[in-house]
Amino acid sequence: MRIIAGTHRGTRLADVGAGDEAAHLRPTSDRVRESLFNVLQGGRFGDAVRGARVLDLFAGTGALGLEALSRGAVHATFVDNGGAAQTLIRANIAKLRRERDTRLILTSAVAIPAGQPCDLVFLDPPYGMALGHTALDAALRQGWIAPGALIVWEEARGQVAPQGLTVADQRRYGDTFVTLMRRDQAG
């Protein structure tokens with residue numbers, strides 16, 4: 001696993017091996033991440049990354065948030081309660097020397113404390129555990145998702161937007177569905 005593009009292009013991230021099934025670590029593949037960021041930085045989304053404040057829920061290795069920083073995001077907050085994930089995220093932040101523009105919150109994404117509004121949100125819950133809607137609701141309630149923010153939800157199947165959000169795009173990459181949602185401007 002590596003950073004695909006930007007200032008840290010080609011940097012190898014901490015090795016997860018085949019993943020940590022007990023910790024539900026299932027890193028987004030380089031190929032899917034590259035395709036996803038091509039969508040986020042081109043076409044109808046303009047450049048949703050450059051200058052963005054990023055929230056990475058169920059952060060795992062932190063690869064999505066770190067890729068965003070490499071491509072011009074100004075800050076990334078990582079949320080994960082798994083010990084293995086926290087170790088990987090810390091190692092990857094240190095490897096890229098991004099301590100100043102990152103924050104790691106050691107809690108479950110469904111119990112996130114109040115925070116600052118973010119423009120870009122990555123939501124990659126463990127597949128099949130029905131945690132995505134609960135985490136998204138918590139992030140909205142706690143002020144993490146700015147009006148007009150783009151939410152990138154990775155799951156085993158496509159997702160339906162909850163009230164106040166609109167599905168903007170949906171793509172399938174093998175057994176992974178990525179649903180892009182936009183928060184209404186009215187908030």
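No lab work stands behind these numbers, since they all come straight from the coordinates. What you see is a predicted model; the values in this text were computed from it and never measured. Because the Cβ atoms are built from the backbone with ideal geometry, glycine has one as well, and the counts that use them run over all protein chains shown.
Quote the relative contact order of the chain in percent (integer), defining contacts as alpha-carbon pairs under 8 Å separated by 6+ residues. Don't skip to the answer; put the middle values down first.
Numbers: 387 pairs, mean separation 31.2, N = 187.
It rounds to 17 percent for the chain.
Restricting to DSSP H runs of at least four residues, report the calculated mean residue ellipticity at 222 nm for the chain, -39500 (n - 2.57) per run over all residues, nearest 500 deg cm²/dmol.
After summing the helix terms and dividing by residue count, I get -7000 deg cm²/dmol.
In the chain, with Lys and Arg counted as +1 and Asp and Glu as -1 at Cβ, which of these residues, 121, 140, 70, has the Cα nearest the positive end of the dipole, that is, farthest along it?
The residue sitting most towards the positive pole is 70.
Can you list residues whose amide H is under 5 Å from residue 55's amide H, if they're 5+ apart or on another chain and H is modeled 1.01 Å from N?
Here 77, 120, 121, 122 satisfy the definition.
Taking the simple approach of a point 7 Å from Cα along Cα-to-Cβ for both residue 134 and residue 175, what is their distance in nm?
Going from the residue 134 label point to the residue 175 one covers 2.3 nm.
Which order do 155, 67, 34 fall in if you start with the one that has the fewest other Cβ atoms within 10 Å?
Working: 155 18, 67 30, 34 13.
Starting with the residue having the fewest Cβ neighbours, the order is 34, 155, 67.
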